[in-house]
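These notes are about the structure you will find just below.
Bear in mind that the values in this text are calculations on the coordinates, not laboratory data. Remember, it's a predicted structure, so these values are computed and weren't measured experimentally. Note that each Cβ is placed from the backbone with ideal geometry, even for glycine, and that neighbours are counted across all protein chains shown.
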Ligand SMILES: Cc1cc2nc3c(=O)[nH]c(=O)nc-3n(C[C@H](O)[C@H](O)[C@H](O)COP(=O)(O)OP(=O)(O)OC[C@H]3O[C@@H](n4cnc5c(N)ncnc54)[C@H](O)[C@@H]3O)c2cc1C
């Protein structure tokens, strides 16, 4: 194991970069946005303003294996962060499934993963943050200090209150391998019962599921282990999400477990025919990952290539890429709705506890702290004759009806009143007035719904 230490050189580099960015922010006239190498945002903004160059805020500053935290710059991807912590026998307590998601992005955008039944959302694992304010100064926020209002207000603020430049986050000890057990259920209610039981029992390290059809629901329970009879490889020709149907158990190295969905961008690699063995072979191992797929996707969205082809052939398609949190008792009803009205498969399923400490602390993403929620993710495109965004609007209505909360990384259509009722209007307005009184950063509704 490498020796535990704080990398002083990295900290002094961070200080210099921070000062440069403070000047850049002070000089920016109005309306700024982040210029970074990767993005997992699904809504394309119409008016992005001046760029703040944050490409180089991508270093791991220090790791303390005894206290089990890691200090990292805000635009560091989880891939880089995981590579830095694994040699110390640690991983960030919650690692979103895609390599290209950055730590600051996951905190400001409510990231989660298969350890969230235990640890909650990524933001629940943060100990301290440096935040660049629109005025051009950086403040350090902790849960106890004078800036705790911002510490708790940043999750789900999507860069509308300030930008996270540095974070100290909790890590969890690992073992070298993960043993996966796949259980299949033909009845939705029994499936969620089993998921609830396992989440409460906490006997395993990771819990998640994939729904392939109304009567094919897979629950995957995974546990760290020291020794294994074999390991599978889903980084090239084999496809992870399909394996859960074909096998009852599996073994992966801890790194391959963490990135099991990255190779095929969950299953969205099908958009580029990349699940065809020949296309896979031609693309090569290096291109099979979320970084490559999101780049092509965003490039296509900007140039409107698919949109123009569809227009030419008179075809109307609706893209439905959404993640929602629904209390577990309403999850069967939400799945019935998805199967009946939305018809996109597979569906990603993950249990997440409202709060691991039993207190509601994050006002912009209010969840009942005692409730086990089910994160339900569905990503696809459907040919329809409905008016524009009809299916996405149906999803929003259903989430509201079932007392759930929708994540905001994709397109949203709520009216102002409903939006603010859901996402903490009173606290947000106070924070906005205190930390961005001149409105240099657009507000959350303008950014997430109006796409400004
Ligand atoms: C197809 C898809 C799958 C997804 N799957 C998962 C998943 O498996 N697990 C999961 O946890 N999440 C998932 N997400 C959601 C993802 O975590 C959020 O969208 C997250 O915000 C993306 O982070 P990013 O680093 O890519 O940020 P970006 O996409 O670059 O930015 C997202 C937003 O956050 C703001 N932002 C970015 N960095 C910072 C910062 N340092 N400080 C303040 N604001 C910032 C940006 O201004 C922007 O509004 C998924 C999203 C998509 C589209």
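Kirkwood radius for the stretch 126-174, taken over all pairs of different Cα atoms as the inverse mean of 1/r, rounds to 11.2 Å. In terms of its C-alpha gyration tensor, the chain has a rounded overall shape, because the principal axis ratio a/c (a ≥ b ≥ c, square roots of the eigenvalues) stays below 1.5. Modelled spin labels at residue 397 and residue 333, positioned 7 Å past Cα toward Cβ, are 1.5 nm from each other. Inter-part distance, the stretch 358-412 to the stretch 216-236, computed on C-alpha centroids, equals 29 Å.
What number, in percent, do you get for the relative contact order of the stretch 311-399 if the mean sequence gap of Cα pairs under 8 Å and at least 6 apart is divided by its residue count? Don't skip to the end; give the middle numbers.
Details: 126 pairs, mean separation 39.9, N = 89.
Relative contact order for the stretch 311-399 comes out at 45 percent.
Per-residue Cβ neighbour counts within 10 Å put 272, 312, 362 in the sequence 312, 272, 362, beginning with the fewest.
The alpha carbon gyration tensor of the stretch 217-258 gives principal lengths a ≥ b ≥ c with a/c of 1.5 or higher and a/b no greater than b/c, which makes the shape oblate. Reported to the nearest whole Å, the Cα centre-to-centre distance from the stretch 60-132 to the stretch 245-311 is 23.
Using a cutoff of 8 angstrom between alpha carbon atoms and counting only pairs six or more residues apart, the relative contact order for the chain works out to 17 percent. Helical runs assigned H by DSSP (4 residues or longer) give the chain a calculated mean residue ellipticity at 222 nm of -8500 deg cm²/dmol, each run adding -39500 (n - 2.57) before division by the residue total. Assuming a ≥ b ≥ c are the square roots of the Cα gyration tensor eigenvalues, decide whether the stretch 293-452 counts as rounded (a/c under 1.5), prolate (otherwise, with a/b larger than b/c) or oblate. Verdict is oblate for the stretch 293-452. The mean sequence distance of close C-alpha pairs (under 8 Å, at least 6 residues apart), as a share of the length of the stretch 59-159, puts its relative contact order at 20 percent.
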